[in-house]
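Undergrad: Quick one: this structure, given as structure tokens, is what I'll be asking you about.
Nothing in this text is a laboratory measurement; each read-out follows from the coordinates by a stated rule. Predicted model, so just to flag it, every value in this text is computed and none were measured. Please note: Cβ atoms are built from the backbone with ideal geometry, for glycine as well, and neighbour counts cover all protein chains shown.
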Amino acid sequence: MSSLRRYLPEHDLMYFGPSPAVYHCHHFNLFLDQTIDDALGFEAGSRLRFLAGREFASPLLSGVAEQSGATTPAERLELASKLFSGMGHGRLQITADAKGGDVKGSYLHYGYSWSQKYGQIVKRKQPADAFGAGFAAAASEVALGLPSESMGAQETECVAMKAPGCTFALKPGDRGLRLPPVGEPEVQKQIGTSFNGLYEEVIQPITKGLRDFTAPVAGDERGLVQAFGVFVTLHLAGYYNRISYEAVQQVEKKAPQSVGVLEDLLRESGHVCVFNTFGGILLSPEWEGMVGPLTGEPLPIVEGCMAIARALGFGRWTIAEFEPGKRLVVRAPCSYESVFYRSRYGKAARPNEYFLQGACLAIAQLAHRVDWKSKPMLTQDYYNALFRGGPLPWKVEQPKSTACGHPMSEVVVTRVEGARA
Amino acid sequence: MPEAIPPEGVVLEGERARIELENGCFERLNWRCTLHAPPAEPAAIVPAMVSRGYTELKRVPQVLEVFHPDGHRVAVIPSTGRIQIRVALSVPEEERGQAALEVAEEVAAAVAG
């Protein structure tokens, strides 16, 4: 597993095999999937999530199968299951031939973590594992030598709906659009000159330490990665990007008055990620050992968050300006969002790195509003108090984006006049 | 079904150690351990636990970790003395606090020699 993970030097983007990849936690994953379903409705939302899973799992599976010399269908299906669990997505057992097949899933990241997070308070009526369905469909295509974008998969039982396990039915003939690939060659074309920011002497060693520490991490006996108080996945960046940008495009066509709401929710996915994953890392014993105890000052939190973002494969987030209590300017030579957008859709009409925008605002909030020395529990109630308890004390703007053709992406977070920072 | 974790957290007191549920641990797996008589050198916990059947897991020098054949782990930060007990996944959630306290007591006993 660890030999498949590579970082793009100087840009802090990550590949898993041939595929652009990032780490994200279950809080983010569940929030983003729910956002897509809320925007498009469950049927269209889960369809998009399935298509994105299938599209981006395919090059990963075929690339790794080729690299590892797996040639028979059985070898390739076994390899797919190993990759899936190694990435922290749970366990899949796929039985398939050209006529279709079935899949049994246990501890699937989406369904299992949904049931852990919401199962006692919400009754779910639809399955949660569209990504797993897409992955299983792609695995059967690659194993059986079928055309890509041809195998369908439907989740028929899901632990999120209180079933004892997850099951899927595979059925051929589910054609999807063949979209331009976004793999390593395409990403390479989109990246420009990299640069450093302030406090690199602090940020870069932390980044390296986090990468060294996470390199051997893989799924446990359940096929899950449980670390820093969250379930972590090594995930395909194309999945996140396709579902986010296609959802925006669909809403622009069907309900343009709602685009702003969707964009706000995509930004909020950045709050969710930073609060849970970045916060969990900052509070962990591993952080205390590698970096030291948290001082409660804002600057070390901002520095630490830049390092965490880089280690997770989000891009070289740099501090261009930081005035505690007033202003944070983050610049990046590119991000996992912008390289995807430029590659697939061409130049953006306006800056649209929603995750980057939301994450930077959340970093400002964590740096100033969290009493780190009290070792807080990062609960949903605390999240609600920090991010939903009235107007936020910060506003975020993105004046520049490499998705628009600018030489860098820039996000500016400023304190709202009169707000408590 | 285990009871919901109260907002103030969960603290359990033992004879020689105190444990406190750590952040984000919705499955009650991770517990901060405070020994009533901590060793002068936190790293000494590792050989003491190895002598009691634990195995050292070497990842990075700044974070020391030992694990028990049953799956429990103890992480030690030598620079600060922080100890975190990570209960095995196989232990039912409602029993994890007690399991963590037993490991904490074992750490204390190991350190005391």
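Undergrad: Working only with C-alpha atoms, what are the Rg and Dmax values of the stretch A:104-211, expressed in angstrom?
TA: Calculated on Cα positions, Rg and Dmax stand at 20.2, 54 Å.
Undergrad: Give the average over all directions of the projected area of the C-alpha convex hull of the stretch A:215-336, one decimal, in nm².
TA: 9.9
Undergrad: Follow-up. Taking the Cα centre of each part, how many Å lie between the stretch A:331-402 and the stretch A:66-119?
TA: One Cα centre to the other: 32 Å.
Undergrad: May I pose another question? Using only alpha carbons, build the gyration tensor for the stretch B:36-96 and give me the equivalent ellipsoid semi-axes, biggest first, whole Å. List each step's numbers first, then the result.
TA: On the way: eigenvalues 84, 33, 26 Å².
Taking √(5λ) for each eigenvalue gives 20, 13, 11 Å, largest first.
Undergrad: Which one of A:Ala349, A:Tyr336, A:Thr277 is farthest out on the positive end of the charge dipole of the stretch A:276-349, using unit charges on Cβ (Lys, Arg +1; Asp, Glu -1) and the Cα centre as origin?
TA: A:Ala349
Undergrad: Over all distinct alpha-carbon pairs, what is the Kirkwood Rh of the stretch A:355-421 in angstrom?
TA: Evaluated over the stretch A:355-421, this radius sits at 13.3 Å.
Undergrad: Evaluate the relative contact order of chain A (contact order divided by residue number), counting alpha-carbon pairs under 8 angstrom at least 6 apart; express in whole percent.
TA: Reported relative contact order: 19 percent.
Undergrad: For chain A, with a Gaussian network of springs between Cα atoms less than 10 Å apart, report the residue from A:Leu236, A:Leu83, A:Leu198 with the top mean-square fluctuation.
TA: Maximum fluctuation in the GNM of chain A, among the listed residues, is at A:Leu198.
Undergrad: Still on this structure, I have one more. In debye to the nearest 20, how big a dipole does the stretch A:81-134 give about its Cα centre with +1 on each Lys and Arg Cβ and -1 on each Asp and Glu Cβ?
TA: Charge dipole of the stretch A:81-134: 220 debye, to the nearest 20.
Undergrad: Structure shown: which of A:Lys99/A:Lys162; A:Lys373/B:Lys58; A:Lys375/B:Lys58; A:Lys326/A:Lys373; A:Lys189/A:Lys326 lie over 31 Å apart, alpha-carbon to alpha-carbon?
TA: Pairs exceeding the cut-off: A:Lys189/A:Lys326.
Undergrad: Show me, bin by bin at 5 Å from 0, the whole-percent P(r) of the stretch A:152-300 based on Cα pairs.
TA: 2, 6, 9, 12, 15, 18, 16, 11, 7, 4, 1, 0
Undergrad: Hey, got a sec? Which chymotrypsin sites (Phe, Trp or Tyr not before Pro) in the stretch A:254-347 land in a DSSP loop and have at most 16 other Cβ atoms within 10 Å?
TA: Passing sites in the stretch A:254-347 do not exist.
Undergrad: So if I take the alpha carbon set of the stretch A:201-276, get Rg, then get Rh from the Kirkwood formula, what is the Rg over Rh ratio?
TA: 1.11
Undergrad: In whole Å, what are the Cα extents of chain B along the three principal axes, biggest one first?
TA: 37, 26, 23
Undergrad: Take the Cα atoms of the stretch A:293-405, find their three principal axes, and give me the spread along each one in whole Å, biggest first.
TA: Dimensions of the stretch A:293-405 along the principal axes of its Cα atoms: 46, 29, 24 Å.
Undergrad: Another question, then. Which trypsin sites (Lys or Arg not before Pro) in the stretch A:92-125 pass both tests, a DSSP loop state and at most 15 other beta-carbon atoms within 10 Å?
TA: Passing both the DSSP loop test and the Cβ count: A:Lys99, A:Lys123, A:Lys125.
Undergrad: If you average 1/r over all unlike Cα pairs in the stretch A:7-68 and invert the result, what Kirkwood radius do you get in angstrom?
TA: This gives a value of 13.4 Å.
Undergrad: Using the alpha-carbon atoms, what tilt in degrees (0 to 90, nearest 10) does helix B:96-112 show relative to the longest principal axis of chain B?
TA: 20
Undergrad: Rg/Rh for the stretch A:1-130 to two decimals, with Rh computed the Kirkwood way over all alpha-carbon pairs.
TA: Expressed as Rg/Rh, it is 0.98.
Undergrad: Sticking to Cα atoms, compute the Rg of the stretch A:66-123 to one decimal and its Dmax as the biggest Cα-Cα distance, whole number, in Å.
TA: 14.6, 46
Undergrad: Further question on the same structure: For the stretch A:160-230, report the % of Cα-Cα distances exceeding 19 Å.
TA: Taking all Cα-Cα pairs of the stretch A:160-230, the fraction more than 19 Å apart is 73 percent.
Undergrad: Let me ask something else about it. Tell me the Kirkwood hydrodynamic radius of the stretch B:1-54 in angstroms, computed as one over the mean inverse distance between distinct C-alpha pairs.
TA: This gives a value of 13.1 Å.
Undergrad: Compute the normalised compactness of the stretch A:113-159: alpha-carbon radius of gyration over 2.2 N^0.38 Å, N being the residue count.
TA: So the Cα radius of gyration is 1.46 times the expected 2.2 N^0.38 Å.
Undergrad: Would you look at the GNM of chain A, springs on alpha carbons closer than 10 Å, and say which of A:Glu66, A:Glu149, A:Glu78 moves the most?
TA: Judging by the Gaussian network model, the answer is A:Glu66.
Undergrad: Cα centroid distance between the stretch A:146-192 and the stretch B:28-98, in Å?
TA: Here the answer is 41 Å between Cα centres.
Undergrad: Debye sum, Cα scatterers, the protein assembly as shown, no solvent: what log₁₀ I/I(0) at q = 0.06, 0.12 1/Å?
TA: Taking Cα atoms of the protein assembly as shown as identical point scatterers yields -0.28, -1.18.
Undergrad: Right, here's the next one. Which residue fluctuates most in the GNM of chain A (Cα springs below 10 Å): A:Ala362, A:Ala169, A:Ala80?
TA: So, out of A:Ala362, A:Ala169, A:Ala80, the one fluctuating most is A:Ala169.
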